[in-house]
Amino acid sequence: MNSETRTLGMLIPSRGYFPDFLTPVEGQYGWDVGLDALRGIRPERMRRELQLLGAGAPTTPRLRDFMEGGTKQLPRLMGELRAYHRAAVEPYWTHIQAQIEAERAARGRALLDGGADELLASLPPMLRWRAPVLECDYPVDRDVRLRGRGLLLQPSFFCRRTAVTLHDPELPPVLVYPAAAQLASAPGSGEATRPAEDQRQRTLGKLVGHTRSVVLRAIGDGATTSELARRAGVSLASASQHACVMREAGLVTTLRRGNAVLHTVTPLGAALLKGGAVAS
């Protein structure tokens with residue numbers, strides 16, 4: 001294992017429990033906010049969760065040293081998190097962001113169409129809404145009781161196969177689940193997870209012209225193919241063709257929802273419309 005991420009590998013095993021403090025709820029507001037929350041972790045909570053980690057597997061001398069160091073180990077841990085983020089996340093951030101925005105658009109559309117019931121029923125197949133219980137495939141048998149606290153649904157590009165929730169029942173309830181767009185583009189699905197740059201450049205050459213600019217703007221916060229055709233004033237077949245070309249160019253993400261598809265603009269597409277750089 002790379003020495004720059006050795007501590008992360010120790011704290012986040014390939015399966016089983018890992019400390020809740022590594023995924024602070026505040027992280028939903030951004031990378032820097034999440035790091036600030038980690039920096040302010042209470043020593044007693046860090047010690048308690050590290051003890052749970054040690055109880056689930058043989059405790060190595062390195063883990064024992066880390067546990068004994070407590071919050072004094074945070075600067076090294078945060079340094080590793082930053083290094084990993086630079087190497088494994090930043091280069092792919094626009095693609096990751098596009099997938100998550102497509103997921104948010106699909107769930108938002110479901111909520112507007114049919115309320116909370118429709119939203120919960122629209123989640124990926126490892127989650128099943130049987131009112132008043134949301135069932136999910138999970139490695140262990142456990143119940144999470146909300147007690148009126150609400151539930152934060154957090155789509156993740158990195159979550160695979162099953163959902164994940166926090167171990168401590170007293171923490172704000174969060175359910176992290178695989179983004180449907182990420183599942184649709186998984187290896188073997190027939191769609192590449194990240195278009196090759198040469199293909200993207202070839203396809204971008206097809207985008208010159210007034211009609212596709214109108215179609216791209218017409219997508220707005222998300223549109224089905226029929227809505228796109230109506231907004232742009234083109235035929236259904238033309239709207240579908242334009243969306244396909246822009247998807248291949250990385251300007252649009254398409255997520256299937258029932259018998260329809262929902263198109264959303266990627267950060268690259270938004271930057272093209274604004275005439276600026278892609279936000280990082």
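The values are calculated or read from the model by the stated rules, or taken from the named source; none is laboratory data. These numbers come from a predicted model, not from an experiment. Here Cβ is always computed from backbone atoms with ideal geometry, including for glycine, and neighbour counts include all displayed protein chains. Just the protein is used for accessible areas: all its heavy atoms, side chains included, with ligands, DNA and RNA removed. Shrake-Rupley method; radii C 1.70, N 1.55, O 1.52, S 1.80 Å.
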Among the candidates G250, G269, residue that is touching a Leu at 6+ places or on another chain (Cβ under 8 Å) and assigned to a loop (DSSP other than H, G, I, E, B): G250
With the checklist (1) touching a helix residue (DSSP H, G or I) at 6+ places or on another chain (Cβ under 9 Å); (2) open to solvent by 20 Å² or more (accessible area, probe 1.4 Å) in hand, flag the one item L53 doesn't pass. (2)
Could you tell me which residue of region 148-160 is farthest from the chain's Cα centre (by Cα), considering only residues that are open to solvent by 60 Å² or more (accessible area, probe 1.4 Å) and modelled with pLDDT under 90? R160
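Look through region 18-49, keep the residues that are under 15 Å from S156 (Cβ atoms) and small (G, A, S), and return whichever of them is modelled with the highest pLDDT.
The extreme case among them is G34.
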Kindly provide the set of residues from region 1-40 that are in contact with a strand residue (DSSP E or B) (Cβ under 8 Å, 6 or more places away or on another chain) and buried (at least 16 other Cβ atoms within 10 Å of the Cβ), ordered by number. T23, V25
Among the candidates A98, A105, A131, A110, single out the residue that is small (G, A, S), closer than 21 Å to G34 by Cα and open to solvent by less than 80 Å² (accessible area, probe 1.4 Å). A98
Return a yes/no flag: does region 33-47 have any residue that is without any contact (Cβ under 8 Å) to a residue 12 or more places away in the chain, outside any helix (DSSP H, G or I) and β-branched (V, I, T). no
Out of D221, D168, D143, report the one residue that is open to solvent by 70 Å² or more (accessible area, probe 1.4 Å), modelled with pLDDT of 90 or more and part of a loop (DSSP other than H, G, I, E, B). D143
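Hey, any hits in region 56-67 for a residue that's surrounded by fewer than 16 Cβ atoms within 10 Å (Cβ to Cβ) and within 25 Å of the chain's Cα centre (by Cα)?
First, pick out the residues of region 56-67 that are surrounded by fewer than 16 Cβ atoms within 10 Å (Cβ to Cβ): 56-62, 64-65.
Imposing the further condition that a residue be within 25 Å of the chain's Cα centre (by Cα) reduces the set to none.
No: region 56-67 contains no residue that is surrounded by fewer than 16 Cβ atoms within 10 Å (Cβ to Cβ) and within 25 Å of the chain's Cα centre (by Cα).
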Find all pairs meeting these conditions: Cβ atoms under 6 angstrom apart; at least six residues apart or on different chains; first residue within region 209-234 and under 14 Å from T253 (Cα atoms); second residue surrounded by fewer than 16 Cβ atoms within 10 Å (Cβ to Cβ) and of a type outside the set (F, W, Y). T224/A260
